[in-house]
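Here the structure is laid out as structure tokens; the discussion comes afterwards.
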Amino acid sequence: MPDCRLRIGMRFIKQGREFVIEQRLSDGQLRIRDIASDTCSAEAPEALIEDLFAGRLELIGEENYRADLKQKITKSRVSDLSQLSDDDPLKIEIHRRLKYVNALLKAQPCARTKDTLLPLIAEIGQRISEYAL
């Protein structure tokens, strides 16, 4: 899978419009072009990352990456976990991730930042491995 760091050529959707990152400007901002209107603007990488984690921006990769990804997801999508055997790696991974999600929801951190989440995730990881022993 290609990495999804913000870089030249990366495409994303924001407010229903598709954009492409064209260049890093001398002040550190990124020049982005609106595909439909062919207009350019400058955005701070931090603002784009904040929008990404807030769900206001969707990275779609480069060229045909999005179409390829959708095709792979369609092939691997399982809508009913009971269709999988208990030892299926996909089912095991889903349950492992669910433990993290449920524990984070129960913890109700005051903020969802790297500083608040990393210690919680580490603690949950230790608890999960304790349960497995």
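The values are calculated or read from the model by the stated rules, or taken from the named source; none is laboratory data. No experiment lies behind these values; they were computed from the predicted model shown. Heads up, the Cβs are rebuilt from the backbone with ideal geometry, glycines too, and the neighbour counts pull from every protein chain shown.
Against the numbered list (1) surrounded by 10 or more Cβ atoms within 10 Å (Cβ to Cβ); (2) at pLDDT below 90, Asp115 comes up short only at (1).
With the structure loaded, tell me whether Glu50 is charged (D, E, K, R) and farther than 19 Å from Gly61 by Cβ or whether it fails that test.
Numbers: charged (D, E, K, R): yes; farther than 19 Å from Gly61 by Cβ: yes.
Yes: the conditions hold for Glu50.
Tell me, which residue of the stretch 80-96 that is surrounded by 10 or more Cβ atoms within 10 Å (Cβ to Cβ) and part of a helix (DSSP H, G or I) is farthest from the chain's Cα centre (by Cα)? So, considering only residues that are surrounded by 10 or more Cβ atoms within 10 Å (Cβ to Cβ) and part of a helix (DSSP H, G or I), the one farthest from the chain's Cα centre (by Cα) is Leu81. Residues that are over 16 Å from Arg7 (Cα atoms) and either of a type in the set (Gly, Ala, Ser) or outside any helix (DSSP H, G or I) (or both) were ranked within the stretch 46-63; the one that is modelled with the highest pLDDT is Arg56.
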